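Taking it in order: structure first as structure tokens, then the write-up.
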Amino acid sequence: MVNKISVYLTFITVHFGLIFFVYPEKIFESTSKGHWEAILLGCLFEVAMMWIYLRGLSTFPNMTIVQICKQVLGPWLSRIILIPIMLYFLATLVLISRVYSEMMAIVFLPKTPIWALLCFIFLGLFAAWCGIKTVLRTSVIISVLFIPWIFAALSSSVTNFDIRNASPIWNTNFDFLKHPAYYSSFFAFSGFLFLGMIHPFFRNVVGSRNVFILLIAGLFPFYLAAVYIPLLIFGQETVIQLQFPLHTGMDTIDMSWSIFERMTLFYTTSMIAFLVLYSAVLIWLIAEMFRGIVVPLSNKWLSVIISIIAYFLSSLVPGWSETEHLIGLDTGLRAYSIFVFPIVIGIIGALQRRRINQG
């Protein structure tokens, strides 16, 4: 068993990596007003899907989603249901590897080739090689070291706000629901999916359902901050043109009082730490699912193979515009993973409870 605090902190750090990923850009693309409405709707969606997901898991104590699907649906149907989830995790691993390499190139190592920066993916491999318990414990260290810097970076930006940039604050026609970019932003609400694979390691996953819902409520201000900090600094007309608007907003903070020149250094370092941790979670998830539904190979060697595949796929992406295009292309896999799949697990759990009650 693992400590519940480490699971909660992993949940938080995974979401931090996703919130400050490219979420603000997608919100700015999808709407020019009432941004908070789009954010709130996304958070409510995650609460609903996570509740259904964990409700389904509660019927199968100490079983992963792979074991549940194989027991109820059989090996072949479970493969059909679970392989798209694996592909979504792999696509996410490729994309976040590419994004944090771009961030490092901009902030730290502008002359270093992307293929060299992509080697950071092997830090995630090292953690995944040691097992999910090591990954969960690492989240505690990362949280202690880097979450305070996130608080400092976000709060320091307040001095540059122009509150007039927030208006109009209402979007009465909810036109963002018609924009594909809004649905691309839902990768930021997929951070609950890993709970289905750590179920046997943490018996209180389902019992802590209310805690996870409270954690999402606690994360809501960070979703708002990721969007409204650059919006209040630059305004909608400017922010829509920026590649990393929040990163650029951090660059406007006056650090003349400090021995450090740029708050961006702390912000970017923290983001890379969160994304490397999420990379480790993803590598472990893909390896565990692959060995459960395809070939029962060693998790460690599968992790190596997955990391190498992700490295080469990331290196094949020519530039940032292609990366953004890929984020849009995997919308179908994302919709299946965070909407269809949790409902499938919820239905399986409901049917199983009915059988138990009738038996």
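The values are calculated or read from the model by the stated rules, or taken from the named source; none is laboratory data. Here the structure is a predicted model, which means the values were calculated and not measured. Here the Cβ is made from the backbone with ideal geometry for all residues, glycine too, and neighbour counts use every protein chain on show. For the accessible areas, the whole protein counts, side chains as well, though only heavy atoms, and no ligand, DNA or RNA atoms are used. Shrake-Rupley method; radii C 1.70, N 1.55, O 1.52, S 1.80 Å.
Return yes or no: is residue 226 among the aliphatic types (A, V, I, L, M), within 18 Å of residue 36 (Cα to Cα) and open to solvent by 50 Å² or more (accessible area, probe 1.4 Å)? No, not satisfied.
Here is a yes/no grid of residues against (1) touching a Ser or Thr at 6+ places or on another chain (Cβ under 8 Å); (2) open to solvent by 10 Å² or more (accessible area, probe 1.4 Å); (3) part of a helix (DSSP H, G or I); (4) farther than 30 Å from residue 9 by Cβ:
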site: 268; (1), (2), (3), (4): no, no, yes, no
site: 283; (1), (2), (3), (4): yes, no, yes, no
site: 289; (1), (2), (3), (4): no, no, yes, no
site: 295; (1), (2), (3), (4): no, yes, no, yes
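Surrounded by 14 or more Cβ atoms within 10 Å (Cβ to Cβ), in a helix (DSSP H, G or I) and free of Cβ contacts under 8 Å to residues at least 24 places away in the same chain, is that true of residue 302? When the stated conditions are applied, residue 302 passes them.
In this structure, is residue 52 assigned to a helix (DSSP H, G or I), more than 29 Å from residue 24 (Cβ to Cβ) and either at pLDDT 85 or above or of a type outside the set (A, V, I, L, M, F, W, C) (or both)? Answer is no for this residue. Remark: pairs (first residue in the stretch 142-166, among the acidic types (Asp, Glu); second residue not in a helix (DSSP H, G or I); Cβ separation under 8 Å; 6+ apart in sequence or on different chains) = 162/235.
Residues of the stretch 44-61 being open to solvent by less than 10 Å² (accessible area, probe 1.4 Å) and either closer than 15 Å to residue 170 by Cα or not small (Gly, Ala, Ser) (or both), which ones?
Within the stretch 44-61, 46, 50, 53, 54, 57, 60 qualify.
Each residue in the stretch 320-335 was checked for being open to solvent by 60 Å² or more (accessible area, probe 1.4 Å) and of a type in the set (S, T, N, Q), and 1 pass. Cβ separations smaller than 7 Å between residues 6+ apart or across chains give the following pairs from the stretch 270-297 residues that are of a type outside the set (A, V, I, L, M) to residues that are open to solvent by 10 Å² or more (accessible area, probe 1.4 Å) and not in a helix (DSSP H, G or I): 291/297. For the stretch 92-114, the criterion of a residue being in a loop (DSSP other than H, G, I, E, B) and within 20 Å of the chain's Cα centre (by Cα) is satisfied by no position. Counting the residues of the stretch 68-111 that are under 21 Å from residue 243 (Cβ atoms) and not hydroxyl-bearing (Ser, Thr, Tyr) gives 16.
Every test in (1) in a helix (DSSP H, G or I); (2) buried (at least 16 other Cβ atoms within 10 Å of the Cβ) is passed by residue 317 save one, and that test is (1).
Of all the residues in the stretch 62-71, those that are part of a helix (DSSP H, G or I) and open to solvent by less than 60 Å² (accessible area, probe 1.4 Å) number 4. Could you tell me how many of the residues in the stretch 1-49 are over 28 Å from residue 137 (Cα atoms), outside any helix (DSSP H, G or I) and not basic (Lys, Arg)? Number of matching residues: 3.
Would a scan of the stretch 123-135 turn up a residue that is at pLDDT below 90, open to solvent by 40 Å² or more (accessible area, probe 1.4 Å) and among the aromatic types (Phe, Trp, Tyr)? No.
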